[in-house]
1. Once phi is turned into ³J(HN,Hα) by the Karplus curve 6.51 cos²θ - 1.76 cosθ + 1.60 with θ = phi - 60°, what whole-Hz value does each residue of region 57-73 show in order, with x for glycine and proline?
2. Arrange the following residues from fewest to most other Cβ atoms within 10 Å of their Cβ: Glu120, Glu11, Glu87, Glu125.
3. Taking other Cβ within 10 Å of each residue's Cβ, how do Lys29, Lys114, Lys124 sort, fewest first?
4. Note the angle between two axes, namely the Cα long axis of helix 21-30 and the longest principal axis of the Cα atoms of the chain, as a number of degrees from 0 to 90, rounded to the nearest 10.
5. Which residue, Ala104, Ala30, Ala76, tops the fluctuation ranking in a GNM of the chain built on C-alpha contacts under 10 Å?
6. Quick one: give the max-minus-min coordinate of the C-alpha atoms of region 1-87 along each principal axis, largest first, in Å.
7. Check Ala2: other-chain or 5+ apart residues with amide H under 5 Å from its amide H, H built from backbone geometry?
8. Would you kindly give the portion of the calculated P(r) for the chain that falls above 19 Å, as a percent of all Cα pairs?
Amino acid sequence: MAIDPSIVGTELPATTLTVDAGRLRFFAKAIGETNPVYTDLEAAKAAGYADLPAPPTFLFSIELENPDPFAFATAAGVDLRFVLHGEQTFTYHSTAIAGDVLIATPRITDVYSKKGGALEFMVKETAVTRADGSPVADLKTVIVVRNPGAGK
């Protein structure tokens with residue numbers, strides 16, 4: 001089943017997350033980050049941060065806080081058994097630190113297919129800001145959906 005291109009422009013529910021220092025330490029450990037600036041408050045302060053900074057790629061995890069973080073895909077008729085996370089990019093505007101209240105506001109920005117419809121792509125762009133509206137980062141996620149019915 002093809003993804004309906006009319007979903008392009010759809011704004012998805014925003015997610016709010018208060019960044020917790022313990023969570024940042026856990027995330028840094030999970031990704032194998034060894035720079036103490038991400039786990040040791042004194043090292044972070046010595047590097048000029050007011051608190052622990054968010055490790056690279058941490059912002060991707062904000063939307064996973066939703067009870068059903070892939071509802072946007074299933075609402076578009078996507079069978080999650082055939083989904084692959086194809087691409088992730090980050091454009092940083094400032095560094096998030098422990099204590100920040102972040103808001104992730106996603107929207108679907110593109111839908112397209114390749115290989116005669118055997119592969120479909122859904123692009124989701126997410127603006128991450130602080131509660132005061134100051135920009136933190138823009139994320140771009142591309143999910144790939146294998147269409148097992150195509151070409152048969």
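Each reported figure results from applying straightforward, stated rules to the coordinates on display, with no laboratory input. As the structure is a prediction and not an experimental result, all values here were calculated from the model. Neighbour counts are summed over all protein chains in view; Cβ atoms, including those assigned to glycine, are modelled from backbone coordinates with ideal geometry.
1. Listing the rounded values in order: 6, 4, 4, 4, 6, 4, 5, 6, 6, 5, x, 9, x, 10, 4, 4, 6 Hz.
2. Working: Glu120 23, Glu11 9, Glu87 12, Glu125 16.
Fewest to most other Cβ atoms nearby, the residues stand as Glu11, Glu87, Glu125, Glu120.
3. Values: Lys29 13, Lys114 10, Lys124 19.
Going from least to most buried by this count: Lys114, Lys29, Lys124.
4. 60
5. Of Ala104, Ala30, Ala76, the Gaussian network model singles out Ala30 as fluctuating most.
6. 53, 23, 20
7. Amide H neighbours of Ala2: none.
8. Numbers: 6557 of 11476 pairs.
So the portion of pairs separated by more than 19 Å is 57 percent.
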